[in-house]
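Everything on this sheet refers to the single structure shown next.
The values are calculated or read from the model by the stated rules, or taken from the named source; none is laboratory data. For clarity, every value in this text was computed on a predicted model and none was experimentally measured. Here Cβ is always computed from backbone atoms with ideal geometry, including for glycine, and neighbour counts include all displayed protein chains.
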Amino acid sequence: MKETRTLHPLSDGLSVSVVVYHPDTEQLVSTLTGLAVACDALHISRPELPVTLYLVDNGGLPDIPATLEELRARGIVCTIIAGQGNVGYGRGHNLAIERSASRYHLVLNPDIDLASDALREALDFFDAHPEAGLITPWIGDEHGEQQFLCRRYPTLLDLFVRGFLPSGMRRLFVRRLARYEMRDRINARDTVWDPPIVSGCFMLFRMTALKQLAGFDARYFLYFEDYDLSLRAHDVTRVVYAPAVRVLHHGGGAARKGSVHIRMFMSSAYKFFDRFGWKWL
């Protein structure tokens with residue numbers, strides 16, 4: 001049975017949720033500092049726009065008082081959500097989504113560096129395109145090379161090749177992976193409407209759409225919750241890749257994080273395909 005929730009009136013503003021579990025302190029500080037700078041640029045054109053950061057502590061949040069004070073000095077309300085234990089990525093973000101009544105909500109990884117104009121560009125895009133309800137940005141790696149994190153619907157073979165084959169063997173599947181990663185459509189210039197799946201490292205929603213979706217599906221502890229939310233988002237709004245919005249992503253794949261992450265990946269993949277349909281090849 002689909003869960004229903006009472007939708008409260010939304011106020012103007014932007015809320016941001018960052019879920020952490022024993023994060024790299026230096027990278028977390030970099031992410032939050034970048035958020036502060038992006039809010040500065042946003043407030044030049046929208047000086048009265050309130051911004052709230054929800055920092056969700058699933059465990060191991062480092063002591064970063066100077067960084068939080070820097071955010072507060074810029075007028076950003078900082079709320080730490082703690083005590084729930086490690087409830088998983090999606091449920092962690094849901095704790096913030098349930099509390100927020102802002103007009104826009106950003107799901108943000110603690111390994112993302114925002115361009116200084118990322119938030120301004122994103123909200124300007126929303127203003128110009130009222131049909132858009134979820135924005136995914138141009139995403140680069142630490143060297144500034146584009147990461148292709150928009151996806152077509154995956155097959156099990158796609159996931160195995162991309163996630164677990166050595167790089168030398170992946171070369172045998174270059175064309176297949178290019179199609180899965182939408183390299184025929186995604187570039188640094190062109191806006192692309194309705195990519196089927198977008199990355200959870202940066203998902204900027206109109207809150208009306210996000211509340212209608214009731215946030216992430218809590219059945220996923222880690223991995224595939226963004227695939228699930230992306231596909232459901234198409235039922236209520238339009239999803240758009242907007243390359244004028246730019247971020248850098250420092251994350252890594254499940255296979256490089258060890259056996260525990262591989263097991264979580266496989267468990268979430270089973271839930272995903274069981275819900276949306278199995279494609280093998």
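Among the residues making up region 217-264, a single one is at pLDDT below 95, touching a helix residue (DSSP H, G or I) at 6+ places or on another chain (Cβ under 9 Å) and under 24 Å from Arg189 (Cα atoms): His250. Among the residues of region 249-262, is any in a loop (DSSP other than H, G, I, E, B), out of contact with any Gly (no Cβ under 8 Å at 6 or more places or on another chain) and under 15 Å from Pro154 (Cβ atoms)? So far as region 249-262 goes, no, none of its residues is in a loop (DSSP other than H, G, I, E, B), out of contact with any Gly (no Cβ under 8 Å at 6 or more places or on another chain) and under 15 Å from Pro154 (Cβ atoms). Within region 142-160, being outside any strand (DSSP E or B), at pLDDT 95 or above and surrounded by fewer than 18 Cβ atoms within 10 Å (Cβ to Cβ) holds for Glu145, Phe148, Arg152, Tyr153, Thr155, Leu156, Leu157. Inside region 120-141, residues that are in contact with a strand residue (DSSP E or B) (Cβ under 7 Å, 6 or more places away or on another chain) and either in a helix (DSSP H, G or I) or at positive phi (or both) make up a count of 5. Given the criteria crowded, with 16+ Cβ neighbours inside 10 Å, among the polar types (S, T, N, Q) and over 18 Å from His129 (Cβ atoms), does Ser268 qualify? Criteria met by Ser268. Are any of the residues in region 46-60 in contact (Cβ under 8 Å) with a residue 60 or more places away in the chain, among the basic types (Lys, Arg) and surrounded by fewer than 16 Cβ atoms within 10 Å (Cβ to Cβ)? No: zero hits. Checked against the criterion of being among the hydroxyl-bearing types (Ser, Thr, Tyr) and out of contact with any helix residue (DSSP H, G or I) (no Cβ under 9 Å at 6 or more places or on another chain), the candidates Thr208, Thr191, Thr136 yield just one match: Thr208. Residues that are without any contact (Cβ under 8 Å) to a residue 60 or more places away in the chain, of a type in the set (A, V, I, L, M, F, W, C) and assigned to a loop (DSSP other than H, G, I, E, B) within region 192-225 comprise just one, Phe224. Is it true that some residue in region 22-29 is surrounded by 19 or more Cβ atoms within 10 Å (Cβ to Cβ), out of contact with any His (no Cβ under 9 Å at 6 or more places or on another chain) and of a type in the set (Ser, Thr, Tyr)? No, because not a single residue in region 22-29 is surrounded by 19 or more Cβ atoms within 10 Å (Cβ to Cβ), out of contact with any His (no Cβ under 9 Å at 6 or more places or on another chain) and of a type in the set (Ser, Thr, Tyr). Against the test of being among the hydrophobic types (A, V, I, L, M, F, W, C) and over 24 Å from Ala214 (Cβ atoms), the options Leu119, Leu123 yield a single qualifying residue, Leu119. Looking across Val192, Val236, Val245, one residue alone is surrounded by fewer than 18 Cβ atoms within 10 Å (Cβ to Cβ), of a type in the set (Val, Ile, Thr) and closer than 18 Å to Leu149 by Cα. It is Val192. Among the residues of region 161-189, just one is surrounded by 12 or more Cβ atoms within 10 Å (Cβ to Cβ), at pLDDT 95 or above and of a type in the set (Gly, Ala, Ser), namely Ala178.
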